[in-house]
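Report on the structure given below.
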Amino acid sequence: MILMKNYISIKDQVDIVNICEKWGVGPGGFYQPSHENGAKLRLQMMCFGRNWDPVTKYKKRCRSDGSEALPLPHELISLTETTLQDARAHLQKLPSMCPDICIVNFYPPVYGRLGLHQDCDESNDSLRRGLPVVSISIGDTAEFLYGRTRDKYKAESVLLKSGDVLIFGGKSRLVFHGVKQVLPNTAPLELLQETALRPGRLNLTLRQF
Ligand code: SIN
Ligand code: MN
């Protein structure tokens, strides 16, 4: 697991917000998904590359509203590849991966959260090889939890700020993780001035199916 603090420049953060804004409104854009029991997740989500949702996982090509997954923007593919190259300077054995999925979450401050879970719906091959998940944080700061089990009292906590990138691959690929809270009014002023980002936090996780 590697945390690259303040890795994404404000310019690239602005570009990412604009990409999410461009695709996030309309068919295939942000919606509030539900768990199997009908409870809503406390976030808005959209997917690039392949649709994922908490009930059907990656099994359905189309969402319940009939929309297909949006194409994965090439800017996000190249950013992921550069990030992994840079991360390898710290951890040589980090496996490489070619992202074909990006799940974008938007958490409004205070209400937004995500319970501890594992990212284990990608292909057996991807999981077996420990192909990393590259997780980009933009906007308000999150208190992020991670640990070996689903027990939130045993989890470690770290603040993820705008521009931070967390990578979990290899032995950490199946780490339990979640978002305890999003701290209001913590996004960089410059980002707010240069985009239409609402109060809250965007998180993009890039993965190889
Ligand atoms: C996720 O686990 O899918 C998102 C994590 C985050 O928002 O940092
Ligand atoms: Mn996850």
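The values are calculated or read from the model by the stated rules, or taken from the named source; none is laboratory data. Nothing here was measured: the structure is a model prediction, and the numbers come from that model. Neighbour counts are summed over all protein chains in view; Cβ atoms, including those assigned to glycine, are modelled from backbone coordinates with ideal geometry.
Restrict the check to region 143-164 and report whether at least one residue is within 27 Å of residue 50 (Cβ to Cβ), within 14 Å of ligand 2 (Cβ to nearest atom) and part of a loop (DSSP other than H, G, I, E, B). Checking region 143-164: at least one residue is within 27 Å of residue 50 (Cβ to Cβ), within 14 Å of ligand 2 (Cβ to nearest atom) and part of a loop (DSSP other than H, G, I, E, B). Evaluation of residue 167 against the conditions (1) touching a strand residue (DSSP E or B) at 6+ places or on another chain (Cβ under 7 Å); (2) under 14 Å from residue 114 (Cα atoms) shows that the sole unmet condition is (2).
Let me confirm something: among 11, 40, which residue is among the basic types (Lys, Arg), modelled with pLDDT of 95 or more, touching a Ser or Thr at 6+ places or on another chain (Cβ under 7 Å) and farther than 22 Å from residue 129 by Cβ? Steps first, please.
Values: 11 fails: touching a Ser or Thr at 6+ places or on another chain (Cβ under 7 Å).
After ruling out the rest, the residue left standing is 40.
Looking only at residues in region 96-113 that are surrounded by fewer than 19 Cβ atoms within 10 Å (Cβ to Cβ) and at pLDDT 95 or above, which one is nearest to ligand 2 (Cβ to nearest atom)? My answer is 113. Of (1) more than 11 Å from ligand 1 (Cβ to nearest atom); (2) surrounded by fewer than 20 Cβ atoms within 10 Å (Cβ to Cβ), residue 116 satisfies all except one. Which? With respect to (1) more than 11 Å from ligand 1 (Cβ to nearest atom); (2) surrounded by fewer than 20 Cβ atoms within 10 Å (Cβ to Cβ), residue 116 is out only on (1).
For region 24-40, a tally of residues being more than 16 Å from the chain's Cα centre (by Cα) and either surrounded by 12 or more Cβ atoms within 10 Å (Cβ to Cβ) or at negative phi (or both) returns 9.
Residue-level check: of (1) within 28 Å of residue 148 (Cβ to Cβ); (2) aliphatic (A, V, I, L, M); (3) assigned to a loop (DSSP other than H, G, I, E, B), residue 110 misses just (1).
For residue 145, the conditions (1) crowded, with 20+ Cβ neighbours inside 10 Å; (2) near ligand 1 (Cβ under 10 Å from one of its atoms); (3) under 25 Å from residue 69 (Cβ atoms); (4) not polar (S, T, N, Q) all hold with the exception of (3).
Just a yes or no: is a residue in region 82-100 near ligand 1 (Cβ under 10 Å from one of its atoms), among the polar types (S, T, N, Q) and touching a strand residue (DSSP E or B) at 6+ places or on another chain (Cβ under 9 Å)? So far as region 82-100 goes, no, none of its residues is near ligand 1 (Cβ under 10 Å from one of its atoms), among the polar types (S, T, N, Q) and touching a strand residue (DSSP E or B) at 6+ places or on another chain (Cβ under 9 Å).
As a summary of the residue check, residue 180 satisfies the conditions (1) touching a residue at least 60 places away in the same chain (Cβ under 8 Å); (2) out of contact with any Pro (no Cβ under 7 Å at 6 or more places or on another chain); (3) assigned to a loop (DSSP other than H, G, I, E, B) except for the one numbered (3).
Going through (1) assigned to a loop (DSSP other than H, G, I, E, B); (2) touching a residue at least 60 places away in the same chain (Cβ under 8 Å) one by one, residue 55 falls short only on (2). Residues in region 168-195 that are within 13 Å of ligand 1 (Cβ to nearest atom), farther than 13 Å from residue 141 by Cα and aliphatic (A, V, I, L, M): 2 in all.
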